[in-house]
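The values are calculated or read from the model by the stated rules, or taken from the named source; none is laboratory data. On a predicted model such as this, the values are computed, not experimentally measured, just so you know. All Cβ positions, glycine included, derive from the backbone under ideal geometry; neighbour counts span all protein chains shown. Calculation scope for accessible area: heavy atoms of the full protein, side chains included, ligands and nucleic acids excluded. Shrake-Rupley method; radii C 1.70, N 1.55, O 1.52, S 1.80 Å.
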Amino acid sequence: QRLDGRQCYDYRNIRVSFGADRGCCIVELGRTRVLAQVSCELVAPKPNRPTEGVLFFNLELSPMAAPGLEPGRQSELLVSLNRLLERCFRDSKCIDTESLCVVAGEKVWQVRLDMHLLNHDGNITDAASIAGIVALCHFRRPDVSVQGEEVTVYTPEERDPVPLSIHHMPICVSFAFFHQGTYLLVDPTEREERVMDGLLVIAMNKHHEICTIQSSGVVMLVQDQILRCSKITAVKVAEITELIQKALENDQKARKEGGKFGFAESIPNQRITAFKMESAAVDTNDVEEQAGEIIAKADPPAEVFANPVLHTPGTAQIGEGIESSWGDLEESEKEEAAEEEGDSEAAAFECEKVETEDTSTRRETKNDEPIVLSDSEEEEVVILEPQELPRKTRTQTSSKQENSSKKAFNKRRRKKRTSR
């Protein structure tokens, strides 16, 4: 039994949405979403193939799709997916590259297919192959005319764009094996891919032509298993091809009739408002009785003031009859200010005390010489003065510096005496 309730050979729902521009589409395989965009430009051809256009395919796996994917790093999964898609599209010759030639040996069209994984819920290969072939079928390149050596590229307003020449539509179908090939599942989810023993990918078109086969994992497959998978692939590819053709026809019809198209129109409103709650009927007959019972059971407030209390004339009270506490706040602010003033006075008194102690110690050591702590230049002697900032003088052992310091100290002492 599968977690999503599907049978072993069932595919998840496939949805194709086209953008406003040609060659842009989003394919949803269950919860796996892949965005594909096709672009083209005129370039010089390859030297070994001067009459063929250039095809370029690229798949990007970003952390937006799954937390385990790292940005800007070529993981083994990304390399294997790109190689598989190149074999599916380029090596199968699904696009006529000779029709992309404008001037042999000089200018050809380079068609670039970029795919981005928007959400990863398993089976990236199938979703990317469907998105790639749908985008290529939906794309239109500009029309070109050649006169001598002059090449003219027309805009869509001047001439209708030209679709690509596509011979067939290869589509990949993935099979997951469990218990050494005993159990087989089609279209594995991300949880099933974590516990599978092996994976088999078969790319086929609706003409039952196998384009590529890739097997990975630790399981060994026998001939009967591969033939069984190929028969299942033929059925699934026919169904998916029919779905793609219907989607392309509906989009072409909407564009011709001038109807609404693009991602904004193709995504239903229910997808955006998926989490809204449906409206439910509410009985409002006995609302007053229920409200009365709730009020009767509720506890009354602790203090209720019927009349407003005005502390001073010209003031008003805000609230539901409860006494304002602004007066208490003012009293607390006054108390805090008084405490701050007391702290500042105490600090000033302590500063005065320290200054008087310094002056007394200086009077006692008037006739003493300055103390030399050591010969090192890192140590310092600090001379404290009551009204000036502290000055730092480095002690040195030379006799000249000692005499100059003595003279400066005596001059300061004389000035203080005269000022007193």
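Key figures
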{"quantity": "Kirkwood Rh and Cα Rg combined as Rg over Rh, evaluated for the stretch 1-149", "calculated": "1.05"}
{"quantity": "Cα-Cα separations in the stretch 14-259 greater than 25 Å, expressed as whole percent", "calculated": "46"}
{"quantity": "The stretch 14-259: relative contact order in percent, alpha carbon pairs under 8 Å with at least 6 residues between", "calculated": "19"}
{"quantity": "Protection proxy ranking of 40-49, 128-137, 24-33 - average other beta-carbon atoms within 10 Å, highest first", "calculated": "128-137, 24-33, 40-49"}
{"quantity": "At most 16 other Cβ within 10 Å, DSSP loop - chymotrypsin sites (Phe, Trp or Tyr not before Pro), the stretch 122-219", "calculated": "Tyr154"}
{"quantity": "Per-residue SASA entry for Met64, accessible area with 1.4 Å probe, Å² rounded to 10", "calculated": "130"}
{"quantity": "Accessible heavy-atom area order of Glu76, Glu86, Glu98, highest first, probe of 1.4 Å", "calculated": "Glu76, Glu98, Glu86"}
{"quantity": "Nearest-10 value in Å² for the accessible area of Lys206, using the 1.4 Å probe", "calculated": "100"}
{"quantity": "Accessible surface ranking that places the most exposed of Met204, Met196 first, with a 1.4 angstrom probe", "calculated": "Met196, Met204"}
{"quantity": "For Ser62, distant residues with modelled amide H under 5 Å away", "calculated": "Leu117"}
{"quantity": "Share of carbon and sulfur in the accessible heavy-atom surface of the stretch 14-259 [1.4 Å probe, %]", "calculated": "49"}
{"quantity": "Extreme residue, positive dipole direction of the stretch 102-216, given options Phe178, His116, Val153 (C-beta unit charges)", "calculated": "Phe178"}
{"quantity": "Asp187, Asp197, ranked by accessible area, largest first (probe 1.4 Å)", "calculated": "Asp197, Asp187"}
{"quantity": "With DNA, RNA and ligands ignored, accessible area of Arg83 (1.4 Å probe; Å², nearest 10)", "calculated": "150"}
{"quantity": "Accessible area per residue, Å², the stretch 9-167 with all protein chains present, probe 1.4 Å", "calculated": "49"}
{"quantity": "Exceeding the 29 Å Cα-Cα cut-off - candidates Lys236/Lys256; Lys46/Lys206; Lys231/Lys256; Lys46/Lys93; Lys93/Lys231", "calculated": "Lys236/Lys256; Lys46/Lys206; Lys231/Lys256"}
{"quantity": "Rounded to 5, percent antiparallel among DSSP beta bridges of the stretch 37-140", "calculated": "55"}
{"quantity": "Distance from the stretch 13-74 to the stretch 144-173 (C-alpha centre basis), Å", "calculated": "19"}
